[in-house]
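To start, the structure under review is shown below, and the notes come after it.
The values are calculated or read from the model by the stated rules, or taken from the named source; none is laboratory data. Small disclaimer: the values here were computed from a predicted structure and weren't measured. We place every Cβ from the backbone using ideal geometry, glycine too, and count neighbours over all the protein chains shown.
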Amino acid sequence: MSDKFDNQPIYRSTTGAEIWDIDQGLRTYMVRVYSYMAMGLGLTGLVSFFTASNPAFFNAIFGTPLAWLVMLAPLGMAMFLSFRIHSITFSTAQTLFWTYAAVMGLSLSTIFYVYTGQSIARLFFVSASVFGGMSLYGYTTKKDLTAFGSFLMMGLLGLVIASLVNLFLQSTGLQFMLSCIGVVVFTGLTAYDTQVIKELYYESDSREVSGKKAIIGALNLYLDFINLFLSLLRLFGDRR
């Protein structure tokens, strides 16, 4: 990871004026992260609802091999953005983030055909409440969550591998277990990622670097929320 993105201590000065300036800068930076995340979720929701509401458009995608591209493209885009964030410009990072959110909306449009609208709305707000509480904890806690985060990342790796295996097994029992684990893993990662995003803030960052940090932070929180929501939906959603 580039030196510009290495973890930096947030409070470097003992003077009250400098601490106040840094604290204000940190708040502005975190608001920027959450704003990007919220707008990304909004774009995903609009695209998803529009796609599901237009059967001809939906069938043109999911009735053809394009469905595989739509389902796999978000993973590739997220990996590209995460690994190339240091070498691309802020404007490119923004474009990729919005494109990713829109493509994710296409991919998630299928949930409107599987689950009732009422249960989707209900579990979205449940997910938002859980996410908000855990993100607030990650922002305010003085406890170092590094060890906890490492454990969760191992769980996430196992979750991804097991999910790929279940694509072929199609086991409902395994899917139920994976959804339960997913709720735990992504709830914990919300707190961990929030703390990491907070610690990556550095008052002397240029506008370009600060903007790219905000984008990648928003992407991580976006992924935590979406996966938490989908895990809860698979567990508690009312099927059509």
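Structural remarks
- Helices (runs of 4 or more DSSP H) fully within region 103-206 counting 3 or more residues that are more than 28 Å from LEU66 (Cβ to Cβ) and among the hydroxyl-bearing types (Ser, Thr, Tyr): 117-140, 172-200
- Hey, ALA73 within 26 Å of ALA128 (Cβ to Cβ) and of a type in the set (Gly, Ala, Ser) or not: yes
- One residue stands out among those in region 105-129 that are touching a helix residue (DSSP H, G or I) at 6+ places or on another chain (Cβ under 6 Å), surrounded by 18 or more Cβ atoms within 10 Å (Cβ to Cβ) and hydrophobic (A, V, I, L, M, F, W, C): the one that is farthest from LEU43 (Cα to Cα), which is LEU123.
- Subset of region 163-213 that is at pLDDT below 95 and of a type in the set (Asp, Glu) - its residue that is nearest to GLY132 (Cα to Cα): GLU199
- Condition met for ASN227 (without any contact (Cβ under 8 Å) to a residue 60 or more places away in the chain, farther than 15 Å from VAL130 by Cα and under 16 Å from the mean Cα position of the chain (by Cα)): no
- Selection status of TYR11, surrounded by 18 or more Cβ atoms within 10 Å (Cβ to Cβ) and either at pLDDT below 95 or touching a Gly at 6+ places or on another chain (Cβ under 9 Å) (or both): no
- Top-ranked residue of region 78-87 - restricted to ones that are surrounded by fewer than 16 Cβ atoms within 10 Å (Cβ to Cβ) and not basic (Lys, Arg), ranked as farthest from the chain's Cα centre (by Cα): SER87
- Residue pairs meeting the criteria (Cβ under 7 Å; at least 6 apart or on separate chains; first at pLDDT 90 or above, in region 47-75; second hydroxyl-bearing (Ser, Thr, Tyr) and loosely packed, with under 13 Cβ neighbours inside 10 Å): ALA52/TYR113
- Evaluated against (1) surrounded by 14 or more Cβ atoms within 10 Å (Cβ to Cβ); (2) assigned to a helix (DSSP H, G or I), SER91 falls short on exactly one condition, (1).
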